[in-house]
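For reference, the structure is listed below as structure tokens.
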Amino acid sequence: MPATTSPLHPTQEKLLELLKENIDDPLTIRDLQESLGLSSPSLVQHHLQQLEMKGYLRRNPSNPRDYQVLTESPDRLIAYLNVYGLAECGPRGSVLDGNPVQKIAIGSKLLGFSSLEAFIVRAKGNSMLPYIKNGDLVITRRTNDYKNGDVVVCVNDGEALIKKIAVRGNQIFLVSFNKDTRYLPFPAAGDFRVEGIVKGVLTHSIEE
């Protein structure tokens with residue numbers, strides 16, 4: 001059962017089914033309006049908000065097409081996590097405001113934290129070898145907080161990165177695991193922002 005027992009309006013039941021059926025290719029608000037036969041987009045937004053308040057839906061406020069349907073509970077046995085690419089940030093300069101490239105099913109108990117806080121990024125490049133390889137799936141806990149030594153998914157100088165945090169005095173440095181001289185530590189830029197803390201890695205061969 002969802003986190004709440006609040007009953008659903010018949011329109012909300014239909015809306016929830018539409019969201020589940022199209023989770024891999026989310027419909028626009030206009031598409032949902034037409035499918036439900038509603039008179040305006042604002043009615044769709046109202047019912048989406050109600051689903052979220054009642055515990056059936058979790059939405060990314062930066063991207064309306066990025067959502068999780070919570071058909072059982074926020075910590076159900078299987079969670080479908082959004083996967084984001086590291087090739088570029090979304091329109092607001094964040095990893096998470098871009099469109100997810102896919103969804104991956106993960107056992108919730110394997111996460112060790114609420115699936116509502118979880119997302120995945122696909123690693124790009126070799127700077128974090130040998131622990132994170134190009135194409136690996138990196139399980140991340142969504143947070144803007146961090147401490148010295150954390151491995152994070154971050155935005156720096158307009159680029160999405162996976163790096164280790166090193167605090168030296170008042171300066172933050174971004175460190176690679178790869179010891180090659182091409183990957184020396186460098187200072188964080190003015191737009192530096194942590195998107196989440198790395199909690200696990202799945203090699204890309206497991207995904208297929």
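Just a few scattered comments:
- Of the candidates Leu27, Leu19, Leu32, Leu48, the single residue that is under 22 Å from Lys103 (Cβ atoms), at pLDDT 85 or above and in contact with a strand residue (DSSP E or B) (Cβ under 6 Å, 6 or more places away or on another chain) is Leu19.
- Residue match in region 117-124 (condition: outside the structural domain of Lys20 (by TED's automatic domain parsing) and either over 19 Å from Tyr67 (Cα atoms) or touching a Cys at 6+ places or on another chain (Cβ under 9 Å) (or both)): yes
- Complete set of residues in region 150-189 that are among the polar types (S, T, N, Q) and assigned to a loop (DSSP other than H, G, I, E, B): Asn170, Ser176, Asn178
- Options Ile132, Ile106; residue that is in contact with a strand residue (DSSP E or B) (Cβ under 9 Å, 6 or more places away or on another chain) and assigned to a strand (DSSP E or B): Ile106
- Looking only at residues in region 124-141 that are in contact (Cβ under 8 Å) with a residue 60 or more places away in the chain and within 16 Å of the chain's Cα centre (by Cα), the one that is nearest to Asp180 (Cα to Cα) is Asp136.
- Residue satisfying all of: in region 148-167; modelled with pLDDT of 95 or more and surrounded by fewer than 15 Cβ atoms within 10 Å (Cβ to Cβ); farthest from the chain's Cα centre (by Cα) among these: Val167
- Selection status of Ile132, crowded, with 20+ Cβ neighbours inside 10 Å and either basic (Lys, Arg) or not assigned by TED's automatic domain parsing to the domain that holds Tyr67 (or both): yes
- Unmet criterion (only one of (1) surrounded by fewer than 16 Cβ atoms within 10 Å (Cβ to Cβ); (2) outside the structural domain of Phe192 (by TED's automatic domain parsing); (3) modelled with pLDDT of 85 or more) for Ile104: (1)
- Condition check for Ile139: modelled with pLDDT under 95, in a strand (DSSP E or B) and of a type outside the set (S, T, N, Q): yes
The values are calculated or read from the model by the stated rules, or taken from the named source; none is laboratory data. Fair warning: this is a prediction, and the values are worked out from it, not measured in the lab. When we count neighbours, we look across all protein chains shown, and the Cβ atoms used for this are built from the backbone with ideal geometry, even at glycine.
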